[in-house]
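S.K.: Let me give you the structure first, and then I'll get to my questions.
No value in this document is a laboratory result; all are computed from the given coordinates. Not measured: the values here are computed from a predicted model. Counting neighbours? That spans all protein chains shown, and the Cβs are built from the backbone with ideal geometry, glycine included.
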Amino acid sequence: MYDLIIIGSGPAGLSAAVYGMRAGLKLLVVEKAPMSGGQVLNTYEVDNYLGMPGMNGFDMGMQFRAHADKLGAEFREGRVLSIEHRGDRKLITLEDGTLETKTVILATGAEHARLDVPGEEELAGRGVSYCATCDGAFFRGRTVAVAGGGDVALEDAIYLARTCEKVYLIHRRDELRGAMVLQQELKTLANVEILYSHVVEEIQGEDAVENLRIRNLKTGEASDLAVSGIFIAVGIHPDTGLIRDMVECDEGGYVLAGEDCATSVPGLYAAGDIRRKPIRQIVTAVADGANAAAAAGGFVNRR
């Protein structure tokens, strides 16, 4: 019987492991990938984490894991099939067995929807980004593109227009889907150009993004667009399938949990990108991990 099982080993899960170990909890981290760190491992450079400007994302993930290892946190690789709430305990079923625990922190993260075009995967972190607030500062004074037409895409374009020389907004439909107030603000910006009824067919570049091959869906005409980066904002999917039928979630599948990360099920906590909140960054994931571990420790000690 564990005091705490943490599912996921990104920044939220590793932070929870550190705080849980410091609280004296008997805990286990279950990770589906052979390497800890989560999405940060695929980030070329992190420039907005306090005290670590210009940090390579892979190195940051390794440092997070090393901290948990130093405290003696136990790790196990495996895919969780189900979580069952059985009164004062939880049953975690993996492909190779079942575990018992008093509390669970779900820190499985979220995945950005992709364009699935040539060059996207190859140039990820080298001009292809899914987070304007994370990476926008690297493109100050340069020309970039945003793919999408919803609220996030419009917010990204507005944010980037403050520091970039030129911003193209590429949207497959002939009208934007984002909130009207965002559309109105976007259309007042002289350095933003909206390309309606266009799609990105290929992202090109040697060591970094240099060009986009785009196509006009109405005319069928293909053309090239010289940019230094592309920010893809076509949706995000929280990995909450394990508990979506157990706890309260919003319409997008994000778990409804407060700053203590407690869900509607006693002893079950949601940390990181799966929790509904205004900003999803490494620093907020780390904070969630700390808060969730503290709440889980309090729950265990009250029993």
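S.K.: Considering the chain as a Gaussian network with a 10 Å cut-off on Cα pairs, which listed residue, Thr219, Thr240, Thr133, attains the greatest mean-square fluctuation?
M.R.: Judging by the Gaussian network model, the answer is Thr219.
S.K.: Still on this structure, please answer the following. State the percent of C-alpha pairs, over all pairs in region 149-207, separated by a distance greater than 19 angstrom.
M.R.: Summing the P(r) of region 149-207 above 19 Å gives 29 percent of all pairs.
S.K.: Which one of Ala124, Thr101, Ile83 has its Cα pushed farthest toward the positive end of the charge dipole of region 69-126, where Lys and Arg give +1 and Asp and Glu give -1 at the Cβ?
M.R.: Ranked along the dipole, the leading option is Thr101.
S.K.: Amide H of Leu169: which non-local residues (sequence gap of 5 or more, or other chain) have their own amide H closer than 5 Å, using H built in the peptide plane?
M.R.: Val146, Glu193, Ile194, Leu195
S.K.: Please compare each pair in Lys32/Lys70; Lys70/Lys277; Lys26/Lys70; Lys32/Lys90 to a cut-off of 23 Å on the Cα-Cα distance and tell me which ones are over it.
M.R.: Lys70/Lys277
S.K.: With springs only between Cα atoms under 10 Å, which of Gly24, Gly119, Gly109 fluctuates most in a Gaussian network model of the chain?
M.R.: Looking only at Gly24, Gly119, Gly109, the largest GNM fluctuation is found for Gly24.
S.K.: Let me ask something additional. Quick check for me: using +1 on Lys/Arg Cβ and -1 on Asp/Glu Cβ, what's the dipole size of region 1-133 about its Cα centre, in debye to the nearest 20?
M.R.: So the dipole magnitude of region 1-133 works out to roughly 560 debye.
S.K.: I've got another one for you. Nearest 10 degrees is fine. How inclined is helix 11-22 to the longest principal axis of the chain, computing both from alpha carbons?
M.R.: So the helix axis and the longest Cα principal axis differ by about 20 degrees.
S.K.: Another one. Going by how many other beta carbons lie within 10 Å of each one, how would you line up Ser228, Ser264, Ser9, fewest first?
M.R.: Ser264, Ser228, Ser9
S.K.: Roughly how many nanometres apart are two label points built 7 Å out from the Cα toward the Cβ at Gln183 and Asp207?
M.R.: Reported label-point gap for Gln183 and Asp207 is 4.3 nm.
S.K.: Report P(r) for region 114-232: all Cα-Cα distances, bin width 5 Å, range 0 to the bin holding the largest distance, values in whole percent.
M.R.: 2, 13, 25, 25, 21, 11, 3, 0
S.K.: Give me, ordered by chain and number, the residues 5 or more places off Val227 or on other chains with an amide H under 5 Å from its own placed amide H.
M.R.: Asn211, Leu212
S.K.: State the cysteines of the chain left without a partner when partners are defined as other cysteines whose beta carbon lies under 4.7 Å away.
M.R.: Flagged as lacking a Cys partner: Cys164, Cys249, Cys261.
S.K.: Could you state the orientation-averaged shadow area of the convex hull built on the Cα atoms of region 8-162, in nm² to one decimal?
M.R.: Dividing the Cα hull surface by four gives the mean projection, 11.8 nm².
S.K.: Most mobile of Glu248, Glu155, Glu185 per a Gaussian network model of the chain (Cα springs, under 10 Å)?
M.R.: Residue with maximal mean-square fluctuation among Glu248, Glu155, Glu185: Glu185.
S.K.: Moving on to the next point. Return one number: the angle in degrees, 0 to 90 and rounded to the nearest 10, between the long axis of the Cα atoms of helix 57-70 and the longest principal axis of the Cα atoms of the chain.
M.R.: 10
S.K.: Add -39500 (n - 2.57) for each DSSP H run of 4 or more in the chain, then divide by its residues: what number comes out at 222 nm, to the nearest 500 deg cm²/dmol? All intermediate terms of the calculation are to be shown ahead of the outcome.
M.R.: On the way: 6 runs with 69 residues, N = 303.
One gets -7000 deg cm²/dmol as the mean residue ellipticity at 222 nm.
S.K.: While we're looking at this one, here's another question. How big is region 1-98 by the Kirkwood estimate over distinct Cα pairs, in Å? Before the final figure, lay out each step's value.
M.R.: Numbers: mean 1/r = 0.0701 Å⁻¹.
One over the average 1/r among Cα pairs gives 14.3 Å for region 1-98.
S.K.: Could you work out how much longer the chain between Asn301 and Arg244 gets when fully extended? Use 0.36 nm per residue separation minus the Cα distance between them, nm to one decimal. Numbers along the way, then the final one.
M.R.: Numbers: separation 57, 0.36 × 57 = 20.52 nm, distance 2.71 nm.
Between Asn301 and Arg244, full extension yields 17.8 nm more.
S.K.: Just to check, using Stokes-Einstein with a Kirkwood Rh over alpha carbon pairs, what's the diffusion coefficient of region 41-87 at 10 °C and 1.306 mPa s in µm²/s?
M.R.: D, rounded to a whole number, is 120 µm²/s.
S.K.: While we're looking at this one, here's another question. Do any trypsin sites (Lys or Arg not before Pro) in region 121-202 lie in a DSSP loop with no more than 16 other beta carbon atoms within 10 Å, and if so, which?
M.R.: Listed in order of number, the matching sites are Arg126, Arg140, Arg142, Arg162, Arg172, Arg173, Arg177, Lys187.
S.K.: Still on this model: Using only Cα atoms and rounding to the nearest 10 degrees, what angle (0 to 90) does helix 151-161 make with the longest principal axis of the chain?
M.R.: 60
S.K.: For Tyr2, list long-range residues whose amide hydrogen, built 1.01 Å from N in the peptide plane, is under 5 Å from its own amide hydrogen.
M.R.: Long-range HN contacts for Tyr2: Glu100, Thr101, Lys102.
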